[in-house]
Structures are given as C-alpha cells and as structure tokens.
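Only one structure is covered here, and it is reproduced in the block below.
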Amino acid sequence: MQNLLVMKFGGTSMGTPESIRSVAAICKEQSARRPTVAVVSAMSKVTDLMLETMFHAERGDEASFSENLRRLRRRHEETCSALIPEEFQPEIRDRLEALLARFDRIVRGMAMLRERPPRALDEAVSLGEALSATLLAGYLESTGQTAAVVLGSEVIITDPIHGNATPRMELTAFRAKEGILPLLTGKIFPVVTGFCGATEDGHITTLGRGGSDFTATILAAGLDASEVWIWTDVDGIMSADPRVVPDAIVLPEITYSEAAELAYNGAKILHPRTLLPIAERSIPLWSKNTFNPSFPGTRIVNHTQNGDGARAVTSSKNVVLISVDPASASVNPNAVMARCLDAVARVNAEVLAFSSSSYRQSFCLLVRRDELADATRSIETALSLELNHGYIRPLDINDDVGLLAIVGEGMKGTPGLAGRIFTAISREQVNIIAISQGASELTIAIIVRRDGVEKAAKAVHAECGLGAAGLSPL
Ligand code: ADP
Ligand code: ASP
Ligand code: MG
C-alpha cells in the first residue's frame, strides 16, 4: 500500500480525555490524506501501576493490590465518562470492563500462587495498551470515524523472551499485512496496542519498557510504510533531556545512528531498539509533539548536513557498574572477559559500556539497573570455578554511578574534543570513574558518580555549544 503512515502516541498523549481528543484529531486529519495506522501506549503511569499491583499480589498484600485495582478501574471509567458521548458509553464500558476483569483475574491468581510468572505478567501488563486503545477507538467511532482495535499480539510475532522479546520480522510482516491492510482498504482506522507481541504459539510477550516506539517501527517495516511519526510530550529530539538541561534545543534532523546511540544510552525519548527495523529500510521517522502539532519536530534520516562536533548529550541514572578483578596471574584475562560477556548475552542483558585496564587485567561493564540481577547471576555461574577458588575476587557492584553519553557523527576525528569534555566535567568537581569510546567515534560514554550526572551533562552541553546560547561548537 502506497504512502502508508504509522503514528505512535505515547503515555502522556493518551493520558487525559483532552489529550485523547487531540490524538483523535491528529488521526482523523492524517487518515483523510493517506492510509494511516495508529499505535498507542497505555495511559501515562498505568503500566507502572499494573506492575506494582502484581508485585503486591506476589507478596500476598491484598489491601495494596485491591486498592491499585480500584485505581486502575477508576482512571479508565472516569476517562470514559469524560471522553465518550453518553449514548456510546455502555458499549465502551463493557469492553473496558472485560479487560479490567481479565487483569483482576490474573492478579488474584498471582496472589493465590504467590508468584509472578513471566508469561502471566506479560499477558496482564499488555492489557494497559488494550484499555487505552479501546478508549481511542471508541472515541473515534463516536465521532463518525470507523475504527478497530488491533492487538499487538495478533500482528507481531516474537521470540519467547518475556519482558524483552525480539520480533521475528518475516512472520510479523505477513501477519501485519494480513491483519491491518484489509482494515485500511475498508476505511476502518486501525488502533494497534503497542508494547506487546506474541510467540508463534500465541503466548503474549512484551518488548521492554517504552516498547510501543518499537511496535511502531516493527509495523512500519512489516507494512512497507513510507514514514513513522512518534508523537510525545516534547517538540522533538533535543540536544539533551530538557528536564536535565533546561536550555536544550530541538534538533531539526539527526541520523539513525545518532538517534540509536542516544536511545541506547538512556535518552527516554526513544526505546533503545526503535531504529533497528527502519534504518536498514531507510524509512524516515519524525519525532513530534502531540501538544504542539504544528511544530515540525525532528526528522531522523540516513544522512544529515551535520556540522562538526557533538550533536547531543544524554544522561542516565538507570545503570550499574559491575567490576571483575582477577586475583591471580594464572587466570587468562581475555578468556575471562569473553566468558563474562557471553554470560551477559545469554540472559539478554546489554553491555552499555565496557572498559579494561591492561596492567591489573581487571575490567568493568555497565548494565541497565533492571538487568543487573540476571546479569550478575549469569556471570557468577559462568565464573563459579574461579570465584570459588579465589582466582577472581567477588564481583564488585557499584550502583552509585550514572552514564553520560556525548553523541555526534561530526565528532569523528575532531581533535581536542575529549580533552574539552573531560575538562568541563572536572571543573564541576565530578569524578570520572570510567570512559569508553567505540571505534566509530560516534559516542563518548563517561561513567561518573550518580550525584554528578546532571551537573556533568549541563557542563558538557554548554562546553559543546549545544544549547540555545550556542557557544563555540566543538
Ligand atoms: P512517551 O510517553 O510519549 O513515550 P517518554 O516519556 O517515553 O514519552 O519520552 C519523552 C521524554 O523523553 C521527554 O518528556 C523528555 O523528558 C525525555 N527525553 C530524554 N532525552 C531527551 C532528548 N534528547 N530529547 C527530547 N526528550 C528527551
Ligand atoms: N506502556 C509501556 C511502558 O510504559 C510501553 C510504552 O509506553 O511504550 O513501558
Ligand atoms: Mg516512551
């Protein structure tokens, strides 16, 4: 299908009756022009609430999980009342109620078993998106636009890694075309639930937190879309997180590689794997603001007229540093490194930065906080012999760290760049714990003490002339 557009709306865009009205207006405007598919996130904070509810259930804390179930119901019922005209409400309420009742049942099952099995957890948490999609599709219908909810689990086929699944693209392309194109031909507007997929045998999986961005690009690739628009609560991809660096500016254009590095290094604006399905197909992505829709936003493409130096800075506190320190010279350090990285890969955790010292043969790796437990367990199993016999010291886990990443295609070969960045950080009295730079010179990753991350991000942003004031660019 020609000129197809996939648009994704995040949690804040789906967060209130007013914002859902704005989303619907954008959907109607675009679908009048070209075949358009919407992907939606759960209403803001709903996924957190659902995960917390299941945590209470596992502990058998009935008072807390019951209170959360009430809050979840109230939020969606109140939104339904304020959003949907009265004559359409009974039908939408019934649909919401069926989804809420399903969540209720799974939570009570978890409470009974005192367990949160990953499969049940994914099935339950995916209902957040089904609830928000029901509200948007219901509202569209009430305005005369025929619409249908399409479950991500019907059109995205993944491996069975619950909580962090990976799509199987060929199967997904087939299912997506089969499930969505007939709707478009029939002028029915598809509202796809983000964040979730299913294994080939039908078990629901999720794509990792913030995964609805990934849903949009998976579908764009599967449907041969010509563009993806990701709608959020800021004007586009900025030179830094505006919550951390207030004078950050919107970048009109960046490359897939730059955006992927930013996302990978913790810029919340995009899920880390968002660019993978579309970069190789050169499908352009726009990042836009639901609350300022006339602003063009940021365009992500193959090549830009990039200037010299850095393009953006990102910071993350959601990381932990694992250090491995051989205690004996009889240990082959390269083999230990290889086994360690293999152990981390086996549990699907990602190494965000890696640094080694040649003299002591010690090395450290940075992982995401929510992947720490699996990564450590796996490393300890892989190195159990050396650890038990004291050839390697017990793993050192430092969670008092943060990650700063400076990204830009124009940094390649720019002399003096690293020096200026390190000087700017040290002027703020922030101690650098480790540094890592890939051979592509696209990103410099710097690990600092947790309480220094924001100060360091502001200092580097200013030093690189990235803000509104635009000092001398590096
Ligand atoms: P959504 O719910 O729409 O998916 P997110 O909260 O996941 O939105 O992502 C949007 C947020 O990402 C922004 O509000 C902003 O605080 C944060 N952010 C982090 N880094 C950047 C950046 N470089 N540019 C823009 N926003 C950023
Ligand atoms: N609702 C999911 C989350 O909060 C997915 C998303 O918002 O993209 O992680
Ligand atoms: Mg997001």
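The values are calculated or read from the model by the stated rules, or taken from the named source; none is laboratory data. Bear in mind that the values here come from a model prediction, so they are computed numbers and not experimental data. Quick reminder, even Gly has a Cβ in these numbers, built from the backbone with ideal geometry, and neighbours come from all protein chains shown. Protein only, heavy atoms only, side chains kept; ligands, DNA and RNA dropped before computing areas. Shrake-Rupley method; radii C 1.70, N 1.55, O 1.52, S 1.80 Å.
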Leaving out ligands, DNA and RNA but keeping every protein chain, what accessible area does L276 have, in Å² rounded to the nearest 10, with a 1.4 Å probe? 110 Å²
Looking at segment 165-313, send over the antiparallel percent of its DSSP beta bridges, to the nearest 5. 45 percent
Computed on alpha carbon atoms, what radius of gyration and Dmax characterise segment 412-474, expressed in Å? 11.6, 31
Once you sort the root eigenvalues of the Cα gyration tensor of segment 330-394 as a ≥ b ≥ c, which label holds: rounded (a/c under 1.5), prolate (a/b larger than b/c) or oblate (the other case)? oblate
Mind checking which aspartates and glutamates have their C-alpha under 17 Å from K412, skipping anything on the same chain fewer than 8 residues away? E258, E261, D308, E441
Can you pull the Rg over Rh of segment 252-330, Cα-only, Kirkwood? 1.15
Provide, for q = 0.15, 0.22 Å⁻¹, the log10 of I(q)/I(0) from a solvent-free Debye sum over equal Cα point scatterers in segment 205-286. -0.51, -1.07
For an R0 of 60 angstrom, estimate the FRET efficiency from the Cβ-Cβ distance between D325 and E18 and round to the nearest 0.05. 0.65
Each label point is 7 Å from the Cα along the Cα-to-Cβ direction; what then is the distance between the points at A468 and D308, in nm? 2.7 nm
Run through segment 372-458 and list the trypsin sites (Lys or Arg not before Pro) located in a DSSP loop whose Cβ has at most 15 other Cβ atoms within 10 Å. K412
Carbon/sulfur fraction of accessible area - segment 10-84, other protein chains in place, 1.4 Å, %: 48 percent
Backbone HN-Hα couplings from phi across segment 16-29 [Karplus 6.51/-1.76/1.60, Hz, Gly and Pro as x]: 9, x, 5, 5, 5, 4, 5, 4, 4, 5, 5, 4, 5, 4
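Counting other C-beta atoms within 10 Å, and keeping those with at most 16, which DSSP coil GluC sites (Glu not before Pro) do you find in segment 255-312?
Here the sparse-neighbourhood loop sites are E280.
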Helix-only [θ]222 nm of the chain, DSSP H runs n ≥ 4, -39500 (n - 2.57) each, per residue, nearest 500: -13000 deg cm²/dmol
Where segment 254-365 is the region considered: accessible area per residue in Å², 1.4 Å probe: 44 Å²
On the full set of protein chains, 1.4 Å probe, figure out the accessible area of D400 and give it in Å² to the nearest 10. 70 Å²
Enumerate the amide H contacts of A434 below 5 Å, restricted to partners 5 or more residues apart or on another chain; note that Pro and chain-start residues carry no placed amide H. I447
Cβ-derived FRET efficiency at R0 30 Å, A338 paired with A439, nearest 0.05: 0.95
From the phi of every residue in segment 369-382, what ³J(HN,Hα) in whole Hz does the Karplus formula 6.51 cos²θ - 1.76 cosθ + 1.60 yield, where θ is phi - 60° and glycine or proline is x? 4, 6, 9, 4, 4, 5, 5, 5, 4, 5, 5, 4, 5, 5
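Can you figure out the FRET efficiency of S282 with S81, using R₀ = 41 Å and their beta-carbon distance, to the nearest 0.05?
0.35
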Mind giving me the nanometre distance, one decimal, between the label points for R102 and F88, set 7 Å out from Cα along Cα→Cβ? 2.1 nm
Treat each spin label as a single point 7 Å out from the Cα along the C-beta direction, and report the S426 to R369 distance in nm. 3.0 nm
Apply the Karplus parameterisation 6.51 cos²θ - 1.76 cosθ + 1.60, with θ equal to phi minus 60°, to every residue of segment 424-432 and state each ³J(HN,Hα) to the nearest whole Hz, in sequence, with x for glycine and proline. 4, 5, 5, 4, 8, 6, 9, 7, 8
In terms of solvent-accessible area of protein heavy atoms at a 1.4 angstrom probe, what is the ranking of Y391, Y139, Y256, highest value first? Y391, Y139, Y256
Qualifying GluC sites (Glu not before Pro) in segment 115-202, DSSP loop, other Cβ atoms within 10 Å at most 16: E115, E200
Just the number, please: percent antiparallel of the DSSP beta bridges in the chain, rounded to the nearest 5. 60 percent
